[in-house]
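Student: My questions will all concern the structure given below.
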Amino acid sequence: MVSLERLVRTGAFTLVSLTGCQYSPYEDTGTYLDVVLYPQDPSAEEDLHCRVDMMEYVGGYIGYLQISVMGAFDYFWFVNREKVFTETGVSASTLEDGSVSKGDYVECSVWAPENSSSASYEVGFDTAYVE
């Protein structure tokens with residue numbers, strides 16, 4: 001991490017991907033939803049799973065609350081930026097083995113569905129490369 005910080009300070013990067021890093025809008029405490037794609041380093045022969053976890057931010061530290069959110073979400077799976085599978089109104093989603101190949105870039109995007117009081121919005125996403 002020190003090397004990355006040094007590169008950023010010297011201006012060596014104009015764009016830094018912070019995949020997996022989480023921004024919390026709370027200064028001291030709070031909770032937010034986090035999208036988790038697992039396994040993180042999948043092979044083409046494995047199912048890929050995606051779920052939404054509740055995270056806690058307290059005094060500058062982020063930690064799991066050890067619960068998965070049981071709400072109904074819409075899951076959109078992308079392989080190499082092309083939508084390949086959609087599952088709506090579920091608490092978690094699985095992209096079955098055989099759907100990806102070695103070297104593929106996989107993204108799981110999770111959306112809260114539209115309801116009577118709010119429009120649909122993206123809860124978050126997570127990504128992985130297939131090994």
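The values are calculated or read from the model by the stated rules, or taken from the named source; none is laboratory data. The model shown is predicted, which means the values in this text are computed figures rather than measured ones. As a convention, Cβ positions derive from the backbone with ideal geometry for all residues, glycine included, and neighbour counts pool all protein chains shown.
Student: Does segment 99-107 include one or more residues that are closer than 13 Å to residue 126 by Cβ, buried (at least 17 other Cβ atoms within 10 Å of the Cβ) and modelled with pLDDT of 90 or more? Spell out how you get there, then give the answer.
Tutor: Going residue by residue through segment 99-107, those that are closer than 13 Å to residue 126 by Cβ are 105-107.
Narrowing the set further to residues that are buried (at least 17 other Cβ atoms within 10 Å of the Cβ) leaves 106-107.
After this cut, where a residue has to be modelled with pLDDT of 90 or more as well, the list is 106-107.
Yes, segment 99-107 has at least one match.
Student: Residue 128 is checked against (1) of a type in the set (A, V, I, L, M); (2) part of a loop (DSSP other than H, G, I, E, B); (3) in contact (Cβ under 8 Å) with a residue 12 or more places away in the chain and fails just one. What number does that condition carry?
Tutor: Of (1) of a type in the set (A, V, I, L, M); (2) part of a loop (DSSP other than H, G, I, E, B); (3) in contact (Cβ under 8 Å) with a residue 12 or more places away in the chain, only one is false for residue 128: (2).
Student: Shifting gears a bit: Of the residues in segment 56-98, how many are assigned to a strand (DSSP E or B) and at pLDDT 75 or above?
Tutor: The number of residues fulfilling the criteria is 20.
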